[in-house]
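The values are calculated or read from the model by the stated rules, or taken from the named source; none is laboratory data. Treat the numbers as computed from the prediction; the structure is a model and nothing was measured. Methodologically, a virtual Cβ is constructed for each residue, glycine included, from the backbone with ideal geometry; neighbour enumeration extends over all protein chains shown. Just the protein is used for accessible areas: all its heavy atoms, side chains included, with ligands, DNA and RNA removed. Shrake-Rupley method; radii C 1.70, N 1.55, O 1.52, S 1.80 Å.
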Amino acid sequence: MSSSSYSGNFSGGFSVPISHNGISRGLSRYHAGIDYRANIGTPVHAAASGKVIGITSGWGSGYGKSILISHGSGYTTRYAHLNQFAVSVGQSVSAGQIIGYSGN
């Protein structure tokens, strides 16, 4: 499921979206994201303000349950391997707002 992108202009930075126990996999030539180790059910926060433009469930191309947020100016973030959603497609979110809970 997806929605149109966020019309705002991104002008800030991104915050770490989860209280974590380290990084299990970082950025590399073959991995375009950061995987944080966290207990199941840990709250996941929006790294910056934006609009929820997509949600996946099931296998989700390897992401499992995931949320895609557009932050404007061509920036998007994906929050993958979730256990539960706290937002829906089309919803505007604020930086730091709980958007879901970590899974496995």
| note | Going through (1) at pLDDT below 95; (2) closer than 19 Å to F10 by Cα; (3) surrounded by 19 or more Cβ atoms within 10 Å (Cβ to Cβ) one by one, Y36 fails only at (2)
| request: Mind telling me which of the residues S88, S66, S70 ends up being part of a loop (DSSP other than H, G, I, E, B), touching a strand residue (DSSP E or B) at 6+ places or on another chain (Cβ under 7 Å) and either modelled with pLDDT of 95 or more or not basic (K, R) (or both)? | output: S88
| message | Looking at the structure I just gave you, is A47 part of a loop (DSSP other than H, G, I, E, B), without any contact (Cβ under 8 Å) to a residue 60 or more places away in the chain and not acidic (D, E)? | response | yes
| message | Of the residues S61, S49, S92, S66, only one is under 11 Å from the mean Cα position of the chain (by Cα) and of a type in the set (S, T, N, Q); which? | response | S66
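Which of the residues that make up the stretch 46-86 are in contact with a helix residue (DSSP H, G or I) (Cβ under 8 Å, 6 or more places away or on another chain) and open to solvent by 20 Å² or more (accessible area, probe 1.4 Å)? First the steps, then the outcome.
Taking the stretch 46-86 first, the residues in contact with a helix residue (DSSP H, G or I) (Cβ under 8 Å, 6 or more places away or on another chain) are 66, 80.
Passing the criteria: only A80.
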| field | Members of the stretch 1-33 found to be modelled with pLDDT of 80 or more, under 14 Å from the mean Cα position of the chain (by Cα) and open to solvent by 70 Å² or more (accessible area, probe 1.4 Å), listed by number | value | F14, V16, S19
| field | Test for G96: is it crowded, with 16+ Cβ neighbours inside 10 Å and not hydrophobic (A, V, I, L, M, F, W, C) | value | no
